[in-house]
Number of protein chains: 2
Amino acid sequence: MTTSTPYVHGYSPTEARRLGDQADTLAALLHAGTAYPPGSRVLEAGCGVGAQTVHLLDSGPGIALTAADISADSLARARARVAEHAPGARVDWHHGDLHRLPFPDGAFDHVFVCFVLEHLADPVAALAALRRVLRPGGTITVIEGDHGSAFFHPRSEAADTVVGHLVRLQAAGGGDGLIGRRLYPLLVEAGFRDVAVGPRTVYADGARPELVEGFTRRTFVAMVESVRAEAVGAGLATAEAFDRGVADLRRAAEPGGTFHYTFFKAVAVNP
Amino acid sequence: MTTSTPYVHGYSPTEARRLGDQADTLAALLHAGTAYPPGSRVLEAGCGVGAQTVHLLDSGPGIALTAADISADSLARARARVAEHAPGARVDWHHGDLHRLPFPDGAFDHVFVCFVLEHLADPVAALAALRRVLRPGGTITVIEGDHGSAFFHPRSEAADTVVGHLVRLQAAGGGDGLIGRRLYPLLVEAGFRDVAVGPRTVYADGARPELVEGFTRRTFVAMVESVRAEAVGAGLATAEAFDRGVADLRRAAEPGGTFHYTFFKAVAVNP
């Protein structure tokens, strides 16, 4: 589901656990408003390890779900996750590239894409390919983050710098960690209409210990930490500088600290 | 209501109009959840030109409102604004410094503070002074922006730089344009309890032309532009570099552009 990149998060056991934690903590925030009616033909393009798949099945019991991913390994994990969380659910699993899906034109009523476009070199081409398999009048839902929305207290230049490394590594791989702000023009350019984008903001402080733990520490800091070897290997930072940045970032999860991050959720219609 | 600073927005006719536009566009977003019951004694500390005052009176008809500001000129404008928008309303106007209000301890049921702390050198001292005039069990509501939350498409380093100038000028004056993220620790430190802070996010794209005009152009870009002479005078930028940054920022308000900004709203209780 991605171009060949030096950094694609989501493809290691630690990363799979991180993405699972993230999905559970954020499910209410990200999935609110998404509940497909029974019988509707839904394609999850880029299901990865199934972190969002189980929530699609929870909020839309009785949907006819097809889940596709380019990684056979991720698909196997997604199947296991669904088998555990939603044993009765029937899902058609498809191993393949979302740019070249073998389904007929208009095969689906709805397409769902979460944390996928950020990894792609040409997100407009991907969206256009997905539009082909969506029936006229059908909807696409796209959810992406934007690392430029991350800010925190206490402020730290060292921490800002390591977040910047994450963005740079993703860009070097042809992706875009700042894609959330672009969902509107990307969907318009791909030919969708009635494009409605809204921010879904996570804000965590001492009054919300479960978000501090589930999001600040186990999602965002963990994601930044996951590129340590690569950032150091690429010469972006010394190990010491990287660790100093991460240590500063962790202070946002300590008493008196705060952390802010915005996801973007878009819904648009195939004309 | 501010320390003596080289840059304090809000004290010119153009600025007064800008703050009026901002308040109307954002009223629903910022005031949602704030509606004081009839008869409650409410202090608006730092009412400025009355941009929020009229909304307090709209959402809380029958409140006993005292509006205070350190600028006699702003107070006069606030009175005129209230006379025009809410001719029947009774407001006690107080000219003075919020650090040294002459009211007895516990004189108010609620205190409301909007876009004020960002200008103060010691916001904890200000909050403690406001806590003194709040009865036990009374609430304080604080609303502030955070310019570090501003990001946009298309991205531009020149635009990021001029936003940075705004933050630097405010810091040089003893204020903090990045204060939104600090509301939680500031209120805790000032002795409040049950501190609940939430983000109030403005996101504007082509599907929301009224927000593009009212917020991106007439609020945010206008605020950045208002420090042009000062930024150039302080040697932070050449006039050309400043104008280039503003021109880039304006592209966020053109077709295909997007703009994101987060305000923070806090409610806390005086023990």
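The values are calculated or read from the model by the stated rules, or taken from the named source; none is laboratory data. Keep in mind that this is a model prediction, so the values were computed, not measured. Ideal geometry is used to build each Cβ from the backbone, glycine not excepted, and the neighbour counts take in all protein chains shown. Surface accessibility is based on the protein's heavy atoms, side chains included, excluding ligands, DNA and RNA. Shrake-Rupley method; radii C 1.70, N 1.55, O 1.52, S 1.80 Å.
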Per-region count, the range B:16-25, residues open to solvent by 20 Å² or more (accessible area, probe 1.4 Å) and either out of contact with any Gly (no Cβ under 8 Å at 6 or more places or on another chain) or modelled with pLDDT of 90 or more (or both): 1
Selection within the range A:228-268 - open to solvent by less than 10 Å² (accessible area, probe 1.4 Å) and assigned to a loop (DSSP other than H, G, I, E, B): A:Gly257
Any hit, the range A:148-164, residues being within 30 Å of A:His99 (Cα to Cα) and within 9 Å of chain B (Cβ to nearest Cβ): yes
Matching residues, the range B:74-118, being over 18 Å from B:Thr141 (Cα atoms) and among the aromatic types (Phe, Trp, Tyr): B:Trp93, B:Phe103
Which listed residue, of A:Ala207, A:Ala196, is outside any helix (DSSP H, G or I), within 13 Å of A:Phe259 (Cα to Cα), modelled with pLDDT of 95 or more and within 13 Å of chain B (Cβ to nearest Cβ): A:Ala207
When residues of the range B:227-271 are limited to those that are among the β-branched types (Val, Ile, Thr) and under 28 Å from B:Leu30 (Cβ atoms), the one farthest from the other protein chains (Cβ to nearest Cβ): B:Val227
Matching residues, the range B:201-211, being over 30 Å from B:Ala268 (Cα atoms) and either in contact (Cβ under 8 Å) with a residue 24 or more places away in the chain or crowded, with 23+ Cβ neighbours inside 10 Å (or both): B:Asp205, B:Gly206, B:Glu210
Subset of the range A:26-40 that is farther than 21 Å from A:Ala89 by Cα and open to solvent by less than 50 Å² (accessible area, probe 1.4 Å) - its residue that is modelled with the lowest pLDDT: A:Leu26
Condition broken by B:Arg135, with the remaining ones in (1) within 29 Å of B:Leu249 (Cβ to Cβ); (2) of a type outside the set (Ser, Thr, Tyr); (3) more than 10 Å from chain A (Cβ to nearest Cβ) satisfied: (1)
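Condition check ((1) within 23 Å of B:Thr34 (Cβ to Cβ); (2) without any contact (Cβ under 8 Å) to a residue 24 or more places away in the chain) across all residues:
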| residue | (1), (2) |
| --- | --- |
| B:Pro185 | yes, yes |
| B:Ala190 | yes, no |
| B:Pro199 | yes, no |
| B:Glu213 | no, no |
| B:Thr219 | yes, no |
| B:Ala231 | no, no |
| B:Arg251 | no, no |
Residues (in contact with a Lys or Arg (Cβ under 8 Å, 6 or more places away or on another chain) and hydrophobic (A, V, I, L, M, F, W, C)) located in the range B:236-268: B:Leu236, B:Ala239, B:Phe242, B:Val246, B:Ala253, B:Phe263, B:Phe264, B:Ala268
Hey, B:Ala253 farther than 25 Å from A:Leu186 by Cα, of a type in the set (A, V, I, L, M) and touching a helix residue (DSSP H, G or I) at 6+ places or on another chain (Cβ under 9 Å) or not: no
Sole residue being within 13 Å of another protein chain (Cβ to nearest Cβ), in contact with a strand residue (DSSP E or B) (Cβ under 7 Å, 6 or more places away or on another chain), at pLDDT 95 or above and assigned to a helix (DSSP H, G or I), chosen from A:Thr201, A:Thr216: A:Thr216
Selection status of A:Val221, in contact with a helix residue (DSSP H, G or I) (Cβ under 6 Å, 6 or more places away or on another chain), open to solvent by less than 10 Å² (accessible area, probe 1.4 Å) and either within 30 Å of B:Ala266 (Cβ to Cβ) or more than 13 Å from chain B (Cβ to nearest Cβ) (or both): yes
Residue selected from the range A:174-191 under the condition part of a loop (DSSP other than H, G, I, E, B) and open to solvent by less than 10 Å² (accessible area, probe 1.4 Å), by the criterion farthest from A:Val111 (Cα to Cα): A:Gly177
